[in-house]
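Heads up: the structure comes next, in structure tokens.
Bear in mind that the values in this text are calculations on the coordinates, not laboratory data. The model shown is predicted, which means the values in this text are computed figures rather than measured ones. Backbone-built Cβ (ideal geometry, glycine too); neighbour counts: all protein chains shown.
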Amino acid sequence: MKKIKIYGARQNNLKNLSLEIPKNKITVFTGVSGSGKSSLVFETIGAEAQRQINETQNSFVRNRLSRFGVPDVDKIDHLNVPVIINQKRLGGNARSTVGTATDIYASLRLLFARIGKPFVGYSNVFSFNNPQGMCTTCNGLGYVSSVDTNRLFDKSKSLNEGAIQFPTFQPGGYRWLRYVNSGYFDNDKKLEDFTEEEWKLLLHSEEHKPKSPTMDWGKTMKYLGVLPRIKRDFLKKNSKEEKLRKKELQRIISTDICPDCKGKRLNDKVLSCKIKGKDIADCTSLSIDELLSFIQSISSETYETIITELTKKLQNLITIGLQYLTLDRVTTTLSGGESQRIKMVKHLGNSLEDLLYIFDEPSIGLHPKDLDNISKIIRQIKAKGNTVLIVEHDPDLIKLADHVVDLGPLSGVNGGEIVYEGDFQDLKKSKGKTGQYFSLPRQINKNPRAVNKTIKITNANLHNLKNVSVEIPTNILTVVTGVAGSGKSTLISKVLPKQHPETKIIDQSQIRGSSKSNLLTYLGVSDKIRRLFAKTNHVSIKLFSSNSVGGCENCKGLGVEKIDLAFMDDIETPCEVCNGTGFKPEVLKYTYQGKNITEVLGLTTLEAKSFFENEDFADQFNLFIDLGLDYLTLGQRLNGFSGGERQRLKLTKELGYENNLIVLDEPSTGLHPSDTKKLMALLYRLVNQKNTIIVIEHNLDVISQADWIIDIGEGAGKHGGKVIFEGPVEKLLDHEKSATAEYLREYMG
Ligand code: ADP
Ligand code: ADP
Ligand code: ZN
Ligand code: ZN
């Protein structure tokens with residue numbers, strides 16, 4: 001049997017590992033967070049395969065990529081061409097939709113060009129990205145942006161007081177000068193006292209030379225109303241200033257559906273072309289399963305190939321559980337899990353063999369029922385003659401393995417070894433944490449907390465919700481379940497906070513200012529640690545701050561340099577001057593308890609707990625241990641955290657508060673089952689502190705421990721959007737229609 005052979009892998013925490021991975025099989029890599037799975041699978045195997053491919057590139061690309069880093073490994077033999085499918089969201093912009101990303105829209109355009117009536121041109125005119133096809137009012141976007149004057153102006157202020165709330169229009173700014181020196185206005189008059197005439201002049205005036213200005217306007221400078229000026233300078237596509245002012249623009253711009261095409265993105269001529277009464281935009285607004293029925297209803301006699309192809313592509317999306325999506329859905333609004341599945345579906349369609357597919361936790365966002373579909377697809381990919389590697393915590397996907405590699409035993413320096421390799425059956429006998437998990441009996445919460453008070457969601461109709469009213473018990477742990485696309489996030493993350501604004505949503509989104517902050521700054525203890533260094537060495541505290549005088553001048557204290565690559569993500573490399581520490585060399589001479597500042601920043605939270613045991617902040621590190629984050633180092637920058645890690649980090653801030661209404665979306669993401677147990681203990685600690693916890697989850701280890709379940713279903717999209725069960729988890733076991741119940745019964749064995 002052919003094998004990929006790895007010799008001497010030492011990337012990050014890996015302990016000189018040598019192993020073999022069978023080809024044309026599915027290998028699942030397991031182990032607690034920080035045990036070294038990514039270091040082995042992505043940073044060693046994936047990176048080396050990528051590097052070998054890059055060797056074949058021309059020298060320009062190669063030179064730039066060579067700094068990408070060569071993995072720390074002696075040798076890897078018999079590698080295949082890699083395809084890495086991670087959860088990084090599908091990039092793109094407002095012009096990228098599910099239809100364009102999957103190429104299904106291209107097939108649909110072809111169909112319309114062939115059999116649509118009347119005939120309007122070649123298939124490319126059906127593209128909203130083509131000037132001949134797009135609606136000219138919105139340039140094919142489907143929406144128009146306009147400036148919200150209520151947000152742009154503070155009418156209780158005068159021009160001199162900064163009434164125009166936008167950079168460069170503020171007092172002293174160069175755009176501001178043109179208004180106050182136009183000679184048109186009393187610059188101390190509040191805008192709310194402006195006459196209609198003045199208001200019009202300020203907002204809408206066309207370009208002209210003012211008659212009696214109070215400064216020299218030179219030859220070229222002209223007066224222009226604030227709104228057309230913002231439009232011209234900021235709202236043009238790809239204007240430099242648009243990018244620069246993105247945040248500020250978002251604040252003042254409101255978007256509305258395009259009044260001409262009504263969101264269809266295309267011009268009238270293109271929309272006049274129909275098949276069985278539907279224009280192409282009507283088709284893309286159908287859910288995938290509805291569209292499939294429509295396509296099948298078209299007689300296939302003459303144009304069989306396109307119809308067969310469309311049918312196949314649509315069926316692939318259904319197989320993968322995305323039947324509820326519409327082709328016109330903008331890809332940037334898809335969840336990470338949905339993005340990942342769209343990437344998968346693209347590969348199902350190809351006929352390439354002998355590739356090395358690498359998946360990063362494909363279970364994220366998926367109900368056990370959806371996982372069945374994913375498993376099918378992964379098996380199909382293998383059956384085509386490919387090798388599949390999966391990094392995964394989900395027991396149902398681990399079962400898919402022909403071969404398991406369990407890393408551990410713990411994380412960081414205490415991990416990086418192979419605890420078990422072999423088939424799934426014998427994993428149970430392994431003494432490692434993964435093996436232990438599979439050998440333990442399953443339990444269900446038989447003593448749920450009593451329901452006293454509730455909060456109500458009433459008549460929710462957003463997206464696919466069907467006039468949902470539901471009561472959520474307070475001061476207990478409620479888990480909201482249902483297949484992907486059934487409406488869980490819509491109900492809990494969108495409607496609930498609207499109706500109950502006090503809700504705290506703890507999500508996986510980036511933490512503000514995260515490129516500059518690390519774990520210590522987030523915890524608010526970095527000053528305390530700097531003070532310890534300053535006091536011990538009798539020097540200024542500022543020296544120990546990398547974004548102050550102590551920082552490396554080359555990288556501004558960041559420790560990394562960014563390399564800008566056209567068409568690719570930026571690549572970061574460690575700064576060559578400071579070796580990635582971010583500090584000036586002289587700062588590193590000062591130590592505290594034998595360690596310099598970068599060595600302290602390199603401590604894991606677990607190590608930090610004993611290193612700082614006499615300090616009042618040592619206790620803070622306990623939480624990280626409870627959350628399965630004990631492998632994180634103090635200096636780790638927040639923007640490098642995974643979504644799951646970010647969410648758990650945010651959770652640490654909630655402890656110690658009472659009576660909060662807290663929502664968590666899939667907090668078990670990225671957690672090994674042994675850490676999920678710790679997470680549950682922490683959630684119950686929050687409940688005991690009189691908080692109300694609502695968790696959206698697919699993980700049966702979490703679902704089975706809930707006090708109360710709200711199950712949304714039965715299916716996804718238009719087949720979902722209803723509450724099909726609410727009650728204690730044990731009662732759910734008896735439910736006949738719920739997919740969650742079915743899988744919970746299977747789980748309980
Ligand atoms: P897993 O994928 O099992 O969660 P990782 O491979 O990401 O684990 O991490 C293994 C260990 O290597 C951890 O201690 C982690 O902190 C460390 N590590 C990961 N990336 C880096 C890096 N870029 N530099 C230094 N250490 C790293
Ligand atoms: P879940 O959280 O159960 O996976 P969601 O609440 O995300 O499901 O989605 C429920 C339905 O609403 C799906 O049909 C989904 O496609 C649709 N939906 C979600 N977000 C949007 C959006 N921003 N615009 C349009 N439809 C959406
Ligand atoms: Zn339009
Ligand atoms: Zn530097």
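Using the Karplus curve 6.51 cos²θ - 1.76 cosθ + 1.60 with θ = phi - 60°, work out ³J(HN,Hα) for each residue of segment 698-710 in order, rounded to whole Hz, and write x for Gly and Pro.
Values per residue, Gly and Pro as x: 10, 6, 5, 5, 7, 4, 5, 9, 5, 7, 9, 10, 10 Hz.
Taking C-beta distances below 4.7 angstrom as the pairing criterion, name the unpartnered cysteines of the chain, in sequence order.
Cysteines of the chain left without a disulfide-compatible partner: C273, C283.
Counting other Cβ atoms within 10 Å, which GluC sites (Glu not before Pro) in segment 637-719 have at most 13 and lie in a DSSP loop?
Within segment 637-719, the qualifying GluC sites (Glu not before Pro) (loop, at most 13 other Cβ atoms within 10 Å) are E658.
Run the numbers on the chain and let me know its relative contact order in percent, using alpha-carbon pairs under 8 Å that are six or more apart.
Over the chain, the number comes to 16 percent.
What ³J(HN,Hα) values, in whole Hz, does the Karplus curve 6.51 cos²θ - 1.76 cosθ + 1.60 give for segment 408-420 when θ = phi - 60°, with x put for Gly and Pro?
x, x, 10, 10, x, 5, 8, x, x, 10, 8, 8, 8
Give the average over all directions of the projected area of the C-alpha convex hull of the chain, one decimal, in nm².
Averaged projected area of the chain's Cα convex hull equals 39.8 nm².
Tell me, E666, E502 in order of fewest to most beta-carbon neighbours within 10 Å? Spell out each step's value before the answer.
Numbers: E666 26, E502 9.
Sorted ascending by nearby Cβ count, the order is E502, E666.
Which loop-located GluC sites (Glu not before Pro) does segment 183-274 contain, where loop means any DSSP state but H, G, I, E or B and the Cβ has at most 11 other Cβ atoms within 10 Å?
E206, E207
Among N86, Q165, Q250, flag the residue with its Cα farthest along the positive direction of the charge dipole of the chain, charges on Cβ as +1 for Lys/Arg and -1 for Asp/Glu.
Ranked along the dipole, the leading option is Q165.
Whose amide H sits under 5 Å from the amide H of G557, counting only residues 5 or more places off or on another chain, with H placed in the peptide plane?
Answer set, sorted by chain and number: C552.
So who's got an amide H within less than 5 Å of the one on S18, skipping anything under 5 residues away but keeping other chains? H placed 1.01 Å off N, in plane.
HN-HN under 5 Å from S18: G8, A9.
How about K190: which lysines have a C-alpha closer than 16 Å to its C-alpha, ignoring those fewer than 8 places off in the same chain?
K155, K157, K200
Please identify the DSSP H helices in the chain that span no less than 24 Å along the helix axis (Cα) and have a mean Kyte-Doolittle hydropathy of -1.0 or more.
none
Assign unit charges at the C-beta atoms only (+1 for Lys and Arg, -1 for Asp and Glu), then state the dipole size of the chain relative to its Cα centre in Debye, rounded to the nearest 20.
Approximately 1300 debye in magnitude.
Under 14 Å Cα-Cα from K609, which aspartates and glutamates qualify once same-chain neighbours fewer than 8 residues away are excluded?
D619, D626, D630
With unit charges on the beta carbon (Lys/Arg positive, Asp/Glu negative), name the residue among P228, N622, S145 whose Cα is farthest towards the positive pole of the charge dipole of the chain.
P228
Charges only on Cβ, +1 for Lys and Arg, -1 for Asp and Glu: so what's the dipole of segment 426-532 about the Cα centre, in debye to the nearest 20?
That gives a dipole near 360 debye.
Are there any trypsin sites (Lys or Arg not before Pro) in segment 650-749 that are in a DSSP loop and have at most 16 other Cβ atoms within 10 Å? List them by number.
Within segment 650-749, the qualifying trypsin sites (Lys or Arg not before Pro) (loop, at most 16 other Cβ atoms within 10 Å) are K653, K690, K737.
Let me check against my output: what whole-number percent is the relative contact order of segment 141-216, with C-alpha pairs under 8 Å and at least 6 apart? Display every interim value, and only then the final one.
Working: 79 pairs, mean separation 20.8, N = 76.
The normalised contact order for segment 141-216 reaches 27 percent.
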